[in-house]
């Protein structure tokens, strides 16, 4: 069983599975195309690979449009192109997405319709052999469930909702989180300020996020470590925002603070003697293909 759902930024969906949009095949769901850089010298046998880059993904859907009447067929045509409209696929930071499901798993990725259907031939109340192509800016597929872990000390004790073991001592709090994807997973780090300058370390990778000055009480620092949307923003209590990179130390590994596949040991080290800041780390597991 295969099923693909397109969801635009307004929340409208088109399901390619059974009638009226009968899914015939899906291409572009496996390992994506690579652009490989290599060098070779005089008299060298072969070459030396120096780097690789995953290209953006294209997912091609082949389908039949089936209706009970000619009137319904034309209505469904209009509905399909309306929901695939590029005006509903992209708006600033908002993106449409496709959700792919087979008998083993369900995954999603950002997607924009690139080539719409040309109606071509019609056989009574059926348009056979239509194609829709989606351009996906990320080469990866993502797990459906957003993962999250929280570092937070309360009067009743330090709460660790994720996996054990953990460590306490010298205002250093640690826990082990699990990335079940096949690839490194960028994270979103949210720090709710309480007049402290904490730091977060991934001991598994050596990456660190360190504040150089206290984050005022109630202010929120949001750091996105995905290289395609790298940013750090401070949201003040009055609703205003400012660039947050100036609050981070130069040694902070923002673009390298990812979770490796498998176990990752994270540590929250409080600053200035306090330990009441709240730090949330969230991520989606990433997969090479489905």
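Only the coordinates and a few stated rules stand behind these numbers; no lab work does. All values reported here derive from a predicted model rather than from experimental measurement. Positions of Cβ are generated from backbone atoms using ideal geometry, with glycine treated the same way; all protein chains shown enter the neighbour counts.
A crude spin-label estimate for the pair residue 237 and residue 58, with each label 7 Å from Cα along the Cβ direction, gives 5.4 nm.
GNM, the chain, Cα, under 10 Å: largest mean-square fluctuation among 206, 143, 181? Most flexible of the set in this elastic network: 206. With 0.36 nm allotted per residue and the present C-alpha distance subtracted, the residue 3-residue 102 stretch has 35.0 nm of extension available.
Orientation-averaged projection of the chain equals 21.9 nm² [convex hull of Cα atoms, one quarter of hull surface area]. Going by neighbour counts of Cβ atoms within 10 Å, the residues 75, 135 line up, fewest first, as 75, 135. For the chain, averaging the sequence separation of C-alpha pairs within contact (under 8 Å, six or more residues apart) and dividing by the residue count gives a relative contact order of 19 percent.
The Rg/Rh ratio of region 1-133, with both radii computed over alpha carbons and Rh defined as the Kirkwood radius, is 1.14. Computed extension length for residue 35-residue 68: 7.2 nm, one decimal, from 0.36 nm per residue of separation with the Cα-Cα distance subtracted. When 136, 24 are arranged by Cβ crowding within 10 Å, least crowded first, meaning fewest neighbours, the order is 24, 136. Between 25, 69, 213, the Gaussian network model of the chain with springs among Cα atoms under 10 angstrom shows the greatest mean-square fluctuation at 69.
Highest GNM mean-square fluctuation among 209, 49, 99, for the chain modelled with Cα contacts below 10 Å: 49. Here region 186-290 was treated as a single set of alpha-carbon atoms; its pair distances binned every 5 Å from 0 give 2, 13, 24, 25, 18, 10, 5, 2, 1, 0 percent.
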